[in-house]
Amino acid sequence: MLNQIGNYSLYIALLSSILIIIQSPILLNRNNINVSGRIFSLISIQSLMIIISFIALIIAFIISDFSNETVYNNSHTSKPLFYKISGTWGNHEGSLLLWLLVLSIFLLIFTITSKSLSNKYRILTLFFQEIIILGFLLFILFTSNPFMSLFPIPNEGTGLNPLLQDPALAIHPPILYLGYVGTSIIFSSSLAALISGSVNKTWAKHIKNWVLVSWIFLSIGILLGSIWAYYELGWGGFWFWDPVENVSLMPWFCLTALFHTILILEKREMFHSWAVILSITTFSLSMSGTFLVRSGILNSIHTFANDPSRGVFILCFLFILITLSIFIYFFYQNKIKNNFTKTYIVSKETAVLVNNLFMMFFLSVVLIGTVYPIFLEVVNNDKISVGPPFYHKLIVPFLIPFLIFMAIGPNLNWIKDKINKINLQQLLFFILSIIISFIFLKRVGISYLFSLPLFIASIFLFLITIKDFSVKKTNLSQKISHFGFSLFILSVLVNGVLAKEYSSNMKVGDERKFLNKTIKFESLKINESKNYQSLEANFKISDKNNSINLKPEIRVYDQPQTITSEADIESTLYSDNFLVLNILKNDGFYNVRYQIKPFMIWIWISIILISFGGILSIVKRNG
Amino acid sequence: MKIKILVLIIFYLIGSLNLSYAANSEKVDQISKNLRCLICQGQSIYDSQSDFALSMKILIQNKIDEGKNNEQIYDFLKSKYGEWIVYDPEITKNTFLLWLLPLILFVFGAILIIRKVSIK
């Protein structure tokens, strides 16, 4: 029953999509007709149908309707309700339906909120957006239908990957998708603006909201993924430069660059073409991300659903979209107003260009690092791994000038500023940061090649962004985001330098000394939960003054049978105590890994601050 | 499933008879962080607790005890398992583009900006 509802509503959505695509070129030539007529009702019907199908799938998961193949493959009656619901998008078919849902809802919001803009621009945006929706509908219906029926109906499902049964990971995909899909509107509207010859101030003003919204969701989505990796994957890190992590970071770099460019376009009517190119690139990267994750060509912990034939479809679809956009770009490029004026070297415009240069560099490092091994394997069958050392070696040296530019740039004026703007105050701060870094590194006793300049640059940026709160010229949201970023870099650095780790094999009753602390494995007990059993260990970690108890678990899930390690983390403002336990095959010993991670919580707080700056900016613009 | 836990408990009971393992040395940690666990999905040998990773850690410890330096250990592993095992690809004729391409793009972008900017 639910399967039929889901299927039929998707087919109706497909029909509306085709109707809109056919009708829009006709409407385009009639100038006086408003979009709010027939097309608007078609879009509403389409969104409604996709919402119905999505709800049908959620209900199928809640009531464990195993006549549905997706539910059978990814759920189990013993799962808690919350994970039954989140299981809806914890798999390939459901997550694509979620993509589609967000696509159509975003289009509806776009149609409602763009009434003040020209008809041609709106219809063209709808047209391109509907092509994307059509592509996804076809993809879902013919290669990844979440509403396949099973007969005879099985009594029990096979369960959800226990690693995914986690609150952060339950909301991580929807948030990330809001970011990814938001870029589709930017893509469609930039092509529409290009064709209708309206890449200008008004467009910039309108699209800025969408850039911000996508950027905020993407930032928070990445944050949630990192937090999950930190406490669930059991190695105490939050970023491994894993291909699937990289794939979410690439559109982030691009969006950040685009946002800064859009600001210039809005204020100074410059960099039109560049804004369009960035808009197209951002969406292409989001789509490629979906392709890379879903096709299974990445060797990664995240590829929990893969099937090469699906990859071929997305690859073709992606190819068509990119070719189409490149074609449109070159065909309509001459419509862009070309008021080529050189920018003065010391000005906000140049600062934004420099920001873009670095963003594009970081993007290219991540992009090349991610796809190069794939190409190499195809070309001459050599398998190489590109991991953290590669990214650190290429990114860190460039981070140093980037941070310094970021400290100076935002304080520059539009059009032309005085060269002596790099003034005494900044010089003072710079000297101060040299002294602080020097003392800090001396005390810690670290002397890597890049440590000192990196610390100087990040402390400099940190001081300047704090000082900037007293300057009235720039707006508050920017100050918060930039301060958040400097705090982020600084916390990551301090965390990296001061983190301490101890690993040993222990059994109950064992005691180990580490630094000035004593780690005691006090006890072990078995707990029964609804869908897993757990071995809960109790560790006492004490130094002279105080002691804490950490209770990491080893969970044995039954559906599907998997063993996971749950770290126990005690967070304070100064540092995290992280302890994780792993089963060894031998004799009652457990591998115990204890980490002290200073300022860990500030990494999360700083990313929240960065995103909060964006939220504040939207509220201020529209409220 | 209950049996599995029972076995664990039995292991724990007889565990007291066995010798404890020495903690891995820092050098093993440092080397194994740069190695891919070949049978895992996107994990380093350092992070993994699989049989493969554990035996690799012992192998690395043995090599260190034999007096081999980091380079020699990496080379030994590469000859045995291929380039795939190290996370830090060397610059060879296969990988020079990997390292160079981002830098070329940066220089290219910088030139574009310089042409757009005037000093006056």
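Structure notes:
- Segment A:581-612, residues that are among the β-branched types (Val, Ile, Thr) and touching a Gly at 6+ places or on another chain (Cβ under 6 Å): A:Ile610
- Among the residues of segment A:464-512, just one is under 30 Å from A:Tyr590 (Cβ atoms), among the polar types (S, T, N, Q) and within 28 Å of the chain's Cα centre (by Cα), namely A:Asn495.
- Selection from segment B:31-54 of residues that are in a helix (DSSP H, G or I) and within 11 Å of another protein chain (Cβ to nearest Cβ): B:Ser32, B:Asp51, B:Ala53, B:Leu54
- Scanning segment A:341-368 for residues that are in contact (Cβ under 8 Å) with a residue 12 or more places away in the chain, touching a helix residue (DSSP H, G or I) at 6+ places or on another chain (Cβ under 9 Å) and among the small types (Gly, Ala, Ser) gives a single hit, A:Ala351.
- Annotation: of all residues in segment B:71-120 being among the basic types (Lys, Arg) and closer than 22 Å to B:Ser32 by Cβ, the one that is surrounded by the most Cβ atoms within 10 Å (Cβ to Cβ) is B:Lys78.
- A:Ile569 without any contact (Cβ under 8 Å) to a residue 40 or more places away in the chain and in a strand (DSSP E or B): no
- The requirement of being facing chain B (nearest Cβ under 7 Å) and assigned to a helix (DSSP H, G or I) is fulfilled nowhere in segment A:327-347; no residue meets it.
- Enumeration of residues in segment A:216-243 that are within 13 Å of chain B (Cβ to nearest Cβ), crowded, with 22+ Cβ neighbours inside 10 Å and assigned to a helix (DSSP H, G or I): A:Ala229, A:Tyr230, A:Pro243
- Count of residues meeting criterion [buried (at least 19 other Cβ atoms within 10 Å of the Cβ) and in a strand (DSSP E or B)] in segment A:597-616: 1
- Residues that are of a type in the set (Ser, Thr, Tyr), at the interface with chain A (Cβ under 7 Å from one of its Cβ atoms) and closer than 24 Å to A:Asp242 by Cα within segment B:78-120 comprise B:Tyr87, B:Thr95, listed in sequence order.
- Within segment A:582-623, the set of residues being more than 23 Å from A:Leu476 (Cβ to Cβ), without any contact (Cβ under 8 Å) to a residue 40 or more places away in the chain and not hydrophobic (A, V, I, L, M, F, W, C) comprises A:Lys585, A:Asn586.
- So A:Phe304, is it touching a Leu at 6+ places or on another chain (Cβ under 8 Å) and either modelled with pLDDT of 85 or more or within 30 Å of B:Cys37 (Cα to Cα) (or both): yes
- Unique match (being closer than 28 Å to A:Lys500 by Cβ, more than 7 Å from chain A (Cβ to nearest Cβ) and at pLDDT 85 or above) among B:Asp65, B:Asp75: B:Asp65
- Residues of segment A:484-527 that turn out to be in contact with a strand residue (DSSP E or B) (Cβ under 7 Å, 6 or more places away or on another chain) and either within 30 Å of A:Phe469 (Cα to Cα) or in a strand (DSSP E or B) (or both), as a count: 24
- Residue, nearest to A:Leu97 (Cα to Cα), within segment A:1-52, restricted to residues that are of a type in the set (Ser, Thr, Tyr) and at pLDDT below 90: A:Ser41
The values are calculated or read from the model by the stated rules, or taken from the named source; none is laboratory data. No experiment lies behind these values; they were computed from the predicted model shown. Cβ atoms come from the backbone with ideal geometry, glycine included; neighbour counts cover every protein chain shown.
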